[in-house]
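Asks: Sharing a structure with you now.
The values are calculated or read from the model by the stated rules, or taken from the named source; none is laboratory data. Model, not experiment: these values are computed from the prediction. Backbone-built Cβ (ideal geometry, glycine too); neighbour counts: all protein chains shown.
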Amino acid sequence: MLQRRILKKYFDDFDVKGSFVMYDLNNDKYLYYDSARCNIEFSPASTSKIINALIGLETGVIKDENFVIPWDGVKRWVDAWNKDLDLKEAMRVSGVPYFQELARRVGYDKLREMYDKLNYGNKDIDGGVDRFWLTGALRITQMQQIDFLKRLYKEELPVSKRSMDIVKSIIVLADTNGYLMRGKTGWSQSDTADIGWLVGWVEKDGNVYFYATNVESSLENKRFAESRRAITDKILTELGIIK
């Protein structure tokens with residue numbers, strides 16, 4: 001078992017506080033850094049693009065990963081959002097406008113039905129049909145993230161295999177050195193702090209390792225954005241899961 005101080009160093013290096021959980025599928029074991037914090041609810045932010053893509057596909061609002069939603073012409077702070085996007089590119093660049101329009105097209109009633117059916121987080125989508133995962137009432141813990149990802153990987157969610165396969169294919173972060181890493185980032189902000197996510201899994205040597213990293217820092221932290229992936233990679237490397 002890794003000593004707590006070793007894992008703490010990775011968070012300290014980026015001046016963030018946070019927590020980490022990993023589930024080893026074959027050995028049915030969890031590894032934690034701050035297990036209590038892993039059970040605290042946070043806004044899922046853009047990690048919910050995984051479930052929202054599933055819902056879009058399952059309802060037929062999105063036909064496949066190449067389905068384009070045209071840019072509305074409103075210039076936003078991320079240049080990569082200011083153009084027509086298809087689903088796979090919107091997932092890659094975490095295109096908020098794409099997923100907001102997707103949510104509007106699905107509609108509140110169907111979204112609520114699907115969040116209940118898929119049992120995602122606290123299942124509360126109050127706060128605006130195109131805002132509930134950003135500034136609304138939706139909350140999820142790291143343990144709930146792991147549970148949802150396990151059901152996606154094992155194709156135990158009550159949606160079609162096709163929908164799950166498409167979503168899996170568009171959340172690949174790395175496919176090299178004998179492992180396949182999938183995941184999605186998230187970033188939410190309060191008046192005083194940034195909250196960040198990276199959740200996903202690694203497939204390696206016939207096993208699957210599900211992970212959920214959550215970090216928090218002051219708004220002035222210039223390294224916050226990179227901390228999510230960097231801390232996760234450092235921990236998974238320390239564990240010998242990736243290189």
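Asks: What pairs come up if the first residue lies in the range 126-139 and is part of a loop (DSSP other than H, G, I, E, B), the second is crowded, with 17+ Cβ neighbours inside 10 Å and modelled with pLDDT under 95, and their beta carbons are under 6 Å apart, counting only those six or more places apart or on different chains?
Replies: Close Cβ pairs satisfying both conditions: none exist.
Asks: Inspect all residues belonging to the range 160-175 and state whether any of them is closer than 26 Å to Gln3 by Cβ and either at pLDDT 95 or above or not charged (D, E, K, R) (or both).
Replies: Of the range 160-175, the ones closer than 26 Å to Gln3 by Cβ are none.
So far as the range 160-175 goes, no, none of its residues is closer than 26 Å to Gln3 by Cβ and either at pLDDT 95 or above or not charged (D, E, K, R) (or both).
Asks: Among the listed residues Glu41, Glu58, identify the single one that is touching a strand residue (DSSP E or B) at 6+ places or on another chain (Cβ under 7 Å) and touching a residue at least 40 places away in the same chain (Cβ under 8 Å).
Replies: Working: Glu58 fails: touching a strand residue (DSSP E or B) at 6+ places or on another chain (Cβ under 7 Å).
Only one candidate qualifies: Glu41.
Asks: Of all residues in the range 30-69 being part of a loop (DSSP other than H, G, I, E, B) and farther than 30 Å from Asn82 by Cα, which is nearest to the chain's Cα centre (by Cα)?
Replies: Here is the first cut: in the range 30-69, the ones part of a loop (DSSP other than H, G, I, E, B) are 34-36, 40-41, 43-44, 60-67.
Then drop every residue that is not farther than 30 Å from Asn82 by Cα, which leaves 34-36, 40-41.
Values: Asp34: 19, Ser35: 19, Ala36: 20, Ile40: 16, Glu41: 14 Å.
The qualifying residue nearest to the chain's Cα centre (by Cα) is Glu41.
Asks: Has the range 104-123 got any residue that is charged (D, E, K, R), at pLDDT 95 or above and part of a loop (DSSP other than H, G, I, E, B)? Even if it seems obvious, please write down each step before you answer.
Replies: Taking the range 104-123 as the starting set, the residues that turn out to be charged (D, E, K, R) are 104-105, 109-110, 112-113, 116-117, 123.
Keeping just the survivors that are at pLDDT 95 or above gives 104-105, 109-110, 112-113, 116-117, 123.
Narrowing further to those that are part of a loop (DSSP other than H, G, I, E, B): 123.
Yes, the range 104-123 contains a residue that is charged (D, E, K, R), at pLDDT 95 or above and part of a loop (DSSP other than H, G, I, E, B).
Asks: Now, a different point. Show the residue pairs that are 6+ apart or on different chains and have beta-carbon atoms under 6 Å apart, the first residue being within the range 198-223 and in contact (Cβ under 8 Å) with a residue 60 or more places away in the chain and of a type outside the set (S, T, N, Q), the second being surrounded by 13 or more Cβ atoms within 10 Å (Cβ to Cβ) and in a loop (DSSP other than H, G, I, E, B).
Replies: Going by the 6 Å Cβ cut-off, the qualifying pairs are Val208/Leu25; Tyr209/Ile241; Val215/Val16; Arg223/Phe14.
Asks: Right, another one. Given the residues Val167, Val199, which is the only one that is surrounded by 19 or more Cβ atoms within 10 Å (Cβ to Cβ), in contact with a strand residue (DSSP E or B) (Cβ under 9 Å, 6 or more places away or on another chain) and among the hydrophobic types (A, V, I, L, M, F, W, C)?
Replies: Working: Val167 fails: in contact with a strand residue (DSSP E or B) (Cβ under 9 Å, 6 or more places away or on another chain).
So the residue among Val167, Val199 that is surrounded by 19 or more Cβ atoms within 10 Å (Cβ to Cβ), in contact with a strand residue (DSSP E or B) (Cβ under 9 Å, 6 or more places away or on another chain) and among the hydrophobic types (A, V, I, L, M, F, W, C) is Val199.
Asks: Let me ask something additional. Determine whether Tyr10 is touching a residue at least 40 places away in the same chain (Cβ under 8 Å) and crowded, with 16+ Cβ neighbours inside 10 Å.
Replies: So Tyr10 fits the description; yes.
Asks: Same structure again: Name the residues in the range 14-29 that are in contact (Cβ under 8 Å) with a residue 40 or more places away in the chain, more than 21 Å from Asn119 (Cα to Cα) and either assigned to a strand (DSSP E or B) or in contact with a Leu (Cβ under 6 Å, 6 or more places away or on another chain) (or both), would you?
Replies: Lys17, Gly18, Ser19, Phe20, Asp24
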